[in-house]
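Colleague: The structure under discussion is supplied below as structure tokens; questions concerning it will follow.
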Amino acid sequence: MTNLQKRILTSLVILPLTIFFIFKGGYFLLIYLLSIFFVANYELFSVFKKKITILFLDLILIISLYSIYFLADKDIISFYLLLWVLILVICSDVGGYSFGKIFKWKKITKISPKKTLSGVFGSFIFSLFSLFIIDAIIKNINNSAEIKYLFNSNLNFLDAKFFFLAIFLSLIAQIGDLTISYFKRLEKVKDTGKILPGHGGIFDRIDALMFVVIVTFILYQIKIIP
């Protein structure tokens, strides 16, 4: 099995599992997030030696996990936004990885030698697919749920502004990935762990998501989205 196949299969396991706990909410979600926190901290203290690096990454981790918990339990709009960004980050990651492997255009930075211009475009393109996926999920939920969600008709993920937001958040995801890569490069390590096939450690999987969910939380709080 190739690394790309492992990456896709791992994502297909992680996404439904994460969505399950988000749907459960409350203590179920809290325990899930705390599990991620402790595993990620184990990786942090095992891999990184500089205290300032550990402090910065731990702060980003804590804020991102709080943002997830807040968005999941605030209201139905924030709940759907959270589902969308989870899907978007995975789509962006798979798009960047697959396009980078297939087209092999110019490399964009020495921080992460495998990052290419084709990968950037692939991330942008695949991030747009997330809008159609979340739209289909919402329609399925509203059609099949025994107790239908009171869905705000003003939140239309196929609206033009969400296509721009998808590109923007994909860019944030890539910046987040490069940020963690920068710190790993300083420590001269490739991955923060080996728990996730095709991805490495927990921190390698959530590096982009941490930054995206924080930005989404901020945009939601200042009412730029929805």
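Derivation of every value follows stated rules applied to the coordinates shown; laboratory data play no part. Predicted model, so just to flag it, every value in this text is computed and none were measured. Here the Cβ positions follow ideal geometry from the backbone for every residue, glycine too, while neighbour counts run over all protein chains shown.
Colleague: Within straight cross-link reach of LYS139, meaning Cα distance under 19 Å, which aspartates and glutamates are found once same-chain residues fewer than 8 apart are removed?
Modeller: Cα-Cα hits under 19 Å: ASP75, ASP159.
Colleague: Quickly work out the PHE164-to-ASP73 label distance, labels modelled 7 Å from Cα along the C-beta direction, and quote it in nm with one decimal.
Modeller: Those two pseudo-labels are separated by 3.4 nm.
Colleague: Something else about it: Just to verify a number: FRET efficiency for LYS24 and ASP58, C-beta to C-beta distance, R0 = 25 Å, to 0.05?
Modeller: The calculated FRET efficiency here is 0.45.
Colleague: Quick one: divide the alpha-carbon radius of gyration of segment 9-100 by 2.2 N^0.38 Å and tell me what you get.
Modeller: Numbers: Rg = 14.6 Å, N = 92, 2.2 N^0.38 = 12.3 Å.
Scaled against compact globular proteins, the figure is 1.19.
Colleague: As a footprinting exposure proxy, order THR53, THR18 by other Cβ within 10 Å, with the fewest listed first. All intermediate terms of the calculation are to be shown ahead of the outcome.
Modeller: On the way: THR53 17, THR18 20.
So the ranking, lowest neighbour count to highest, is THR53, THR18.
Colleague: For ILE224 and ASP135, what is the calculated FRET efficiency with R₀ set at 25 Å and r taken between the beta-carbons, to the nearest 0.05? Each step should come with its number before you reach the end.
Modeller: Values: r = 20 Å, r/R0 = 0.80.
Step by step, r from the Cβ atoms, then E = 0.80.
Colleague: List, in the order given, every pair from LYS115/LYS161; LYS24/LYS223; LYS161/LYS223 whose Cα-Cα distance in the structure shown is over 23 Å.
Modeller: On the way: LYS115/LYS161 27 Å; LYS24/LYS223 26 Å; LYS161/LYS223 14 Å.
The pairs that break the limit, which is 23 Å between Cα atoms, are LYS115/LYS161; LYS24/LYS223.
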